[in-house]
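A quick write-up on the structure given underneath.
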Amino acid sequence: MLIPCFACESRFRPDEYFRACHDYNRGMDLVAWTCPRCGNRDELRILPGELGFGYPRHGRFDVCDRVRVPGLRRRRQDLRLDISLDKEVWRVPTRLRGLVGAH
Ligand SMILES: [Zn+2]
């Protein structure tokens, strides 16, 4: 199973794809993803069994495209999101905006 980049249409194995996730936005429940091939940055929501792509609107995120990833699981931790598939786990940390470097 391969997961596409919507910008350059490269396809990635889950390990390659989830390693490129960074910055978990806990408030919006989104992870940022930067394509290792073309550098395009996207935001997506990790859902049980699928990835949700969409657009922020009125302070919410509307999922309009879904990519099925059978067996995908997620677990919210204090300052990160754990993504797991089969026996692998990828940890996406939350960047502390406004706490680090304020004042
Ligand atoms: Zn790309």
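Starting at the first residue of segment 3-20, write each ³J(HN,Hα) from the Karplus equation 6.51 cos²θ - 1.76 cosθ + 1.60 with θ = phi - 60°, in whole Hz, x for Gly and Pro.
With the stated coefficients, segment 3-20 comes to 10, x, 8, 6, 7, 10, 6, 5, 10, 10, 5, x, 4, 5, 5, 6, 5, 8 Hz.
Mind listing the phi-derived Karplus ³J(HN,Hα) values for segment 79-91, rounded to whole Hz, using 6.51, -1.76 and 1.60 with θ = phi - 60°, and x for any glycine or proline?
Karplus-based 3J(HN,Hα) across segment 79-91 equals 10, 6, 10, 9, 10, 9, 8, 6, 9, 9, 10, 10, 10 Hz.
From the phi of every residue in segment 60-74, what ³J(HN,Hα) in whole Hz does the Karplus formula 6.51 cos²θ - 1.76 cosθ + 1.60 yield, where θ is phi - 60° and glycine or proline is x?
10, 10, 9, 7, 10, 10, 10, 10, 6, 10, x, x, 5, 10, 9
Can you list residues whose amide H is under 5 Å from residue 80's amide H, if they're 5+ apart or on another chain and H is modeled 1.01 Å from N?
94
Going by amide H atoms built from the backbone, whose H comes under 5 Å of the H on residue 10, apart from near neighbours?
Placed amide hydrogens put 5 under 5 Å from residue 10.
Could you grab the relative contact order for the chain? Cα pairs under 8 Å, six or more apart, rounded to a whole percent.
That works out to 20 percent.
What's the local net charge at residue 29, with K and R +1, D and E -1, over the other residues with C-beta under 11 Å away?
+4
Only the coordinates and a few stated rules stand behind these numbers; no lab work does. Not measured: the values here are computed from a predicted model. In this analysis, Cβ positions are derived from the backbone assuming ideal geometry, glycine residues included, and neighbour counts consider all displayed protein chains.
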